[in-house]
1. Go through the stretch 309-351 residue by residue and tally those that are over 22 Å from the mean Cα position of the chain (by Cα) and either part of a loop (DSSP other than H, G, I, E, B) or surrounded by 13 or more Cβ atoms within 10 Å (Cβ to Cβ) (or both).
2. Looking only at helices (runs of 4 or more DSSP H) that lie completely in the stretch 469-579, which have at least 1 residues being closer than 17 Å to GLY205 by Cβ and of a type outside the set (D, E, K, R)?
3. Tell me yes or no: at least one residue of the stretch 685-707 is in contact with a Cys (Cβ under 8 Å, 6 or more places away or on another chain), among the aromatic types (Phe, Trp, Tyr) and assigned by TED's automatic domain parsing to the domain that holds GLY642.
4. Based on what the data block shows, is VAL599 within 24 Å of GLU558 (Cα to Cα), in contact with a helix residue (DSSP H, G or I) (Cβ under 8 Å, 6 or more places away or on another chain) and in a strand (DSSP E or B)?
5. Could you please let me know if LEU446 is outside any helix (DSSP H, G or I) and at pLDDT 90 or above?
6. Does ILE706 satisfy the criteria of being touching a residue at least 24 places away in the same chain (Cβ under 8 Å) and surrounded by fewer than 16 Cβ atoms within 10 Å (Cβ to Cβ)?
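The values are calculated or read from the model by the stated rules, or taken from the named source; none is laboratory data. It should be emphasised that the depicted structure is a prediction, and the values quoted were computed from it without experimental measurement. Neighbour counts are summed over all protein chains in view; Cβ atoms, including those assigned to glycine, are modelled from backbone coordinates with ideal geometry.
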Amino acid sequence: MGIRNINKIYEENDIIIKIVKESKLMYENEKYAYHLLNKHIPKMISFDDKKSSIVLEKINGKRLSEIKIDEKIVIKLAKAIKYLHSYTKNGKYFVHGDLHKDNIIYYNNEIYFIDFSCSKYDTKEVDYAAIEIHIIKDKKLLNLFYKEIGENINKDLIRKEKVKHALSHLEWANEKEFKEIYKKSIKIIEKNDDLIKEDDFDYLGLIKLKDNSKIEKLVSKVDENIFVSRSKEYYKKKTYNELVIFREKLKRLFPLEIKKAFVVLEYMLNASYRVFYEDYKRELYGKKSNLEISRRCLEEDVKSIIDCLENKITEISKTSLRKLDKDIDTENRLIEADHKMLLYKSIKNLKDCSYIVSPLYSGVLIGPFFKIIHGLEYEYVKFGVHDQNMKSLYDEGNLKLDDISINKNFPKKIDIIDGNIGSGLTLIILRKLFEENNIKVKLGSLEISYEYMDKNNDFSILGNLDYKTYVSTRHHTITDDIVQTLCKNPNNYIKKLRSYGMQNEFLSDIELLYNRGKSICDMHNIEISSIIDFESNFVLSMDIMNKKIRYLESYPIEKAISIIRDYPKVNIIDLDRFYGDSQSLDIIKKIMKIKKVRVGGGVRTKEEIELLLNMGADKVIIGTHATKELLKDFDPNRIIVGLDSIDRRTNKKVDIAKKIKLFEPYCSEFNYVSVECDGKAKGGDVKNAIKYSKITKNIFNCVGGISSKKEMEILKKHNIGCTIGRKVQEGYFE
C-alpha cells in the first residue's frame, strides 16, 4: 500500500484554507462544487489554481461524529441530500461521493457538507450507500431518512455501491489503516470469482468456463482453457423416458459452482421442458399424462436458473420426472427466447401483469419466470400461426378456446405474453379467441422481429402491444448455422459468432440485439416505452476510405452496414474527404437509410454541413476547421465539435479548456480526441477527458486509443461517451 498525499487544512479566524494535494482532479471537483451549490456548504471566498488552494468561510458547528444523530437531524440530512441531488447533468445527479460523519457539520439547525474532492455526476445511490455504511445504522432512522427522500429506493444498486465504496476505502488506505478497513469491507464484499455476470452470456445464452471438470460431456472446447456450456449432447434427440433418466443423472452432479450449476441446469431445463410439452399435448388430447409432475419439475428448474442469475447457491429440484408406461419420441426443438438473462431482465420489469398466458413453444419459460419472480399464476395455449393446421381451423371459424388449452376457467383479465413475434398474428388471433369468451386481454412480447417488419414496412402490430421491447429476434436467421458450427467444430464457434457481428468485448449480445431493434424504430420514428433499457456510453467509430468501410472490406456493403446497426451511436468518419474530396457519399446515404449516424471527416464549409444534414445525418462532426463563423447559423443540437489534443496542422498542443468555452454555445457535443493515442488501441486519455468534461454542460465524448471495457466503465461513471474504432474493428471483424 502506498502512502497518501494528504491535503493541508489551515484555520485563521473566520476562514478555512484548504490546499488539495492529492490530485488536480480532486481540486477541480472541490472548486466546481463550491461554484455550483448555493446552500448547505461553506461559502467560497477565493481560490488559487496554481497552488490548488481554496479559502472558505469557517462553519462553527459540530461534526456529526461529535453529536447524537436523532430524528430531527435525519430529516434535515435527507432534505440537504435532496438539494445536492437536484443538480443534474445528462440524466445523472450531482453526488458528494464521500459522505461520512466528519464531512457533515450541524450548525444553527442546518446541515453543511464539506470536502467535495470526490464529487461527481452519478446515481443517487452512491450517496445513499455511504449514508448506510457510515452515518445511519438504526433501521428506524434509516426508514425515516428514505421516507423523507420520498422516492423508490433501488436496494440492489445501493448494495452494489456499498461494495464499490468499501473497495475505494481499501484503495486509499495506507498500511496501518488497511487491516481495520478490510475487516469492515469484507462484511460487505462477497468475493466470488464464479459469479455470473451479464458479460458471460454469448448469443445463445451460453457461459464461458475456465475448466470443464465434472461436466466434461456437457461442454465444448472452443479455445485453450475456454469451454462453452453446450455440446452435441444438448441437441441430441431423446425419447420421453430417456429425458427422464438423463435429468436424474444430471442432478447427481451437484453441488457445483454457480457457473457450472447454470450449465447443468440448462440441460435439466431442456429435459423438463420437452417432457412437459409432450404431457401438455397428451392432456389436451385426452391421453394419460404426468402433467402435474412435469410442470412442477419445469418450475423448479426455472427457480434454480433464476437463483443462478442472482448468484445464489441454487437449490436443486426435489421433484423427479416420471416415465411413461409406453415410451414416445419427443419433439427436438430449441426453446425460443433462449436468453435466460433477457427473460430475467424483461420479466422483472413487467410488474403490472395479473395472469399470464403464453403460446407454446416460444413462451414455455415465460409463465414459470413470472411465477418465480412475481408470484403470478399462468397457463399455456397450444397455438401458433406457424402451425398451419391451427391457422386453417381458425380461418374456417372452427377453432375454439377449449381446442388449444387445458384450462377451462380463465380469469376475466389476462396478459398474453409471447417470447418473440414476427407478424404478431398469433397474438392477435389469441386475443380474439379470448375476447369471444368475454375475457379482457393485454398483449406483449419479449422480443420482436423488427427486420421482418422493416422488410414488409408494417409496424401495425406495435400499436396492438401493451408490453413491448426494442430487443430484435435476429437470431431466427442464424441459430441453425451457429448450432451446426458448435456441434461439428466448436473451435469455430466464436469465429462464427463474430462473423455475424456478435461476441463484442464492450457490449453484451443482448445489448447488440436491443440496439438493432431500436435503430430500426428510430429510422421509422417509432417511440417505445421499452420493457428493458440498456443505457450505454459506447460510440462506434467507423472510417470510410476508397468507397469501403475499413476492416469490413471483405464484406458486401449491405452486410457491413447491417453490423453497424447494432450499436447505440455511430460516428462515420469520411477519410476520403479528410484527405481531399469525398468519394463515399453513396455509401453514407446507404448507411443513413438504416441508421441515424453522425458524420465527420474533413468538413470545412457550410455547404458540406448543409449537405450532410439534408442527407439525414443525425449530427455533423467538425474538428480542425471549426470556427464560430462556420457554425453560428446551424442548430447547436445538430453539431459536434472535435477537440484534438494536438493541432494536426501545426503539431502544437491545443488549449482544450479555451476551445470548450469558445464553441460551447455552437454545439451539443464535444469529441475530445487524444491525437497521441488515436488509432493505436493501447489505451485512451481517460484522465484528461474526465477533467475537461467537468467544465462544460455539453455531452462529452472521449476518442482515441481506448482498448478495454474498464476504460469504458470509468468514463460512464463520469457520464462521458466512449468512442471506439480500431479495437472493435480489428478485434471482432478480422
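1. Residues that pass the stated criteria total 22.
2. Details: elements: 479-488, 493-499, 509-523, 557-564, 575-579.
By residue number, 479-488, 493-499, 509-523.
3. The answer is no, given that none of the residues of the stretch 685-707 is in contact with a Cys (Cβ under 8 Å, 6 or more places away or on another chain), among the aromatic types (Phe, Trp, Tyr) and assigned by TED's automatic domain parsing to the domain that holds GLY642.
4. yes
5. On the way: outside any helix (DSSP H, G or I): yes; at pLDDT 90 or above: yes.
Judged against the criteria, LEU446 is a match.
6. On the way: touching a residue at least 24 places away in the same chain (Cβ under 8 Å): yes; surrounded by fewer than 16 Cβ atoms within 10 Å (Cβ to Cβ): no.
When the stated conditions are applied, ILE706 does not pass them.
So that you can scan it fast, the table gives a plain yes or no per residue for (1) surrounded by 17 or more Cβ atoms within 10 Å (Cβ to Cβ); (2) without any contact (Cβ under 8 Å) to a residue 60 or more places away in the chain; (3) not assigned by TED's automatic domain parsing to the domain that holds LYS727:
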| site | (1), (2), (3) |
| --- | --- |
| VAL483 | yes, no, yes |
| LEU486 | yes, no, yes |
| ASN491 | no, no, yes |
| LYS495 | no, yes, yes |
| LEU507 | yes, no, yes |
| LEU540 | yes, no, no |
| SER562 | yes, no, no |
| ARG565 | yes, yes, no |
| LYS569 | yes, no, no |
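Residues are listed down the side, and each one gets a yes or a no for (1) at pLDDT 90 or above; (2) charged (D, E, K, R); (3) part of a helix (DSSP H, G or I):
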residue	(1), (2), (3)
GLU379	yes, yes, no
GLY384	no, no, no
ASN389	no, no, yes
TYR394	no, no, yes
ASN407	yes, no, no
ASP415	yes, yes, no
LYS432	yes, yes, yes
